[in-house]
Structure formats: structure tokens, C-alpha cells
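Only one structure is covered here, and it is reproduced in the block below.
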Amino acid sequence: LHGRGIGSFVLEYLTGCASDAGYAKLTLNVNKANAKAIRVYTKNGFKKKQSVRIDIGSGFFMDDYIMEKKLI
């Protein structure tokens, strides 16, 4: 279902819900190698705020960007 705008629709809906609830921002983590997701998030107003490498045990790491969208 890639490319049909479903992800953008869901992000728009969630942004509205969060804004209506009084939240000032949305924050998410995305894997640095997930170029499609990063494009969708960027297109929908998210900006890279930080690069993180999180040890999840057994020698595995999450290599992510923390992205944020201001609502106010």
C-alpha cells in the first residue's frame, strides 16, 4: 500500500488529535536506514532533532533519528 498517502493521512489525523488534546509537539524514533519513512515524516513537518544509538541487548543496537513536529 506504499505511495497511497495512508501514512500521511494517519499522521495528519494523529497531529490533529494531539493538538486538540493540548500537546505542544509529537516526537518519534525512526531507523536511520528507513529512507521511505524519513521522507514521509519530513514531508509531514517532522524535523530531525537527534541521532541516537540505543543498546537493546545481546550486542544489538537501534541506530535511529529522533524526529519532532511542533504543534503550537
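Brief remarks on what is shown
- Pairs where the first residue, in segment 46-70, is without any contact (Cβ under 8 Å) to a residue 60 or more places away in the chain and open to solvent by less than 70 Å² (accessible area, probe 1.4 Å) and the second is part of a strand (DSSP E or B) and small (Gly, Ala, Ser), C-beta under 9 Å, 6+ apart: 63/51; 64/51; 65/51; 66/51
- Here segment 22-41 is the region considered, the condition is being open to solvent by less than 70 Å² (accessible area, probe 1.4 Å), hydrophobic (A, V, I, L, M, F, W, C) and over 10 Å from the mean Cα position of the chain (by Cα), and the residue that is nearest to residue 51 (Cα to Cα) is 35.
The values are calculated or read from the model by the stated rules, or taken from the named source; none is laboratory data. Source: prediction; values computed, not measured. Backbone-built Cβ (ideal geometry, glycine too); neighbour counts: all protein chains shown. We work out accessible area using only protein heavy atoms, side chains counted, and drop any ligands, DNA or RNA first. Shrake-Rupley method; radii C 1.70, N 1.55, O 1.52, S 1.80 Å.
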